[in-house]
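Reviewing the structure listed below.
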Amino acid sequence: MTLNIISAQSIVFSGEVKSVTLPGAKGRFTVLRDHASLISTLVKGDVVYTDADGQHQTAAIDGGIVSVDNNVISVCVA
C-alpha cells in the first residue's frame, strides 16, 4: 500500500509501506492492506509506519487529516 505524508511546504514521505499507525482524534489506530475506506482527523503525535524493507519509521505531526482508500493512505499535516 502507498503512504503519502504531505504538508503545505513539502512532501514528508511518499512510498510503499506495510502498516501505518496514526494519532487519531479518538485514539491511535493502525491501517493495514485492504483497510476499509475512512477519513479521520489527527492530533499531535507520531505517525509510525513500517516501510517496504520492514524498518519502522516515525514522523512527528502537529495534527491534520487522513484519508484511506484503495490501499492509498494520504496524510495532510499542519
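What number of residues within the range 1-27 satisfy the criterion of being part of a strand (DSSP E or B) and surrounded by fewer than 14 Cβ atoms within 10 Å (Cβ to Cβ)?
The number of residues fulfilling the criteria is 6.
Under 6 Å between Cβ atoms, at least 6 apart or on separate chains: pull out the pairs that start in the range 22-42 with a residue that is under 17 Å from residue 77 (Cα atoms) and end on any residue that is open to solvent by 70 Å² or more (accessible area, probe 1.4 Å) and β-branched (Val, Ile, Thr).
25/41; 41/65
Quick check, is residue 66 at pLDDT 95 or above, assigned to a strand (DSSP E or B), closer than 17 Å to residue 2 by Cβ and open to solvent by less than 40 Å² (accessible area, probe 1.4 Å)?
Against the criterion (at pLDDT 95 or above, assigned to a strand (DSSP E or B), closer than 17 Å to residue 2 by Cβ and open to solvent by less than 40 Å² (accessible area, probe 1.4 Å)), residue 66 qualifies.
Being of a type in the set (D, E, K, R) and more than 10 Å from the chain's Cα centre (by Cα): is that true of residue 62 here?
yes
Being under 18 Å from residue 43 (Cβ atoms) and within 9 Å of the chain's Cα centre (by Cα) is the filter here, so list the residues in the range 2-22 that pass it.
5, 20, 21, 22
Could you tell me how many of the residues in the range 28-40 are closer than 17 Å to residue 4 by Cβ, assigned to a loop (DSSP other than H, G, I, E, B) and either among the charged types (D, E, K, R) or open to solvent by less than 70 Å² (accessible area, probe 1.4 Å) (or both)?
2
Take the conditions outside any loop (DSSP other than H, G, I, E, B), of a type outside the set (Lys, Arg) and either open to solvent by 70 Å² or more (accessible area, probe 1.4 Å) or at pLDDT below 95 (or both) and apply them to residue 58. Does it pass?
yes
In the range 41-53, what residues are open to solvent by less than 30 Å² (accessible area, probe 1.4 Å) and at pLDDT 95 or above?
42, 45, 47, 49, 50
The values are calculated or read from the model by the stated rules, or taken from the named source; none is laboratory data. All values derive from a computational prediction rather than experimental measurement. Heads up, the Cβs are rebuilt from the backbone with ideal geometry, glycines too, and the neighbour counts pull from every protein chain shown. These accessible areas exclude ligands, DNA and RNA; they are computed on the full protein's heavy atoms, side chains included. Shrake-Rupley method; radii C 1.70, N 1.55, O 1.52, S 1.80 Å.
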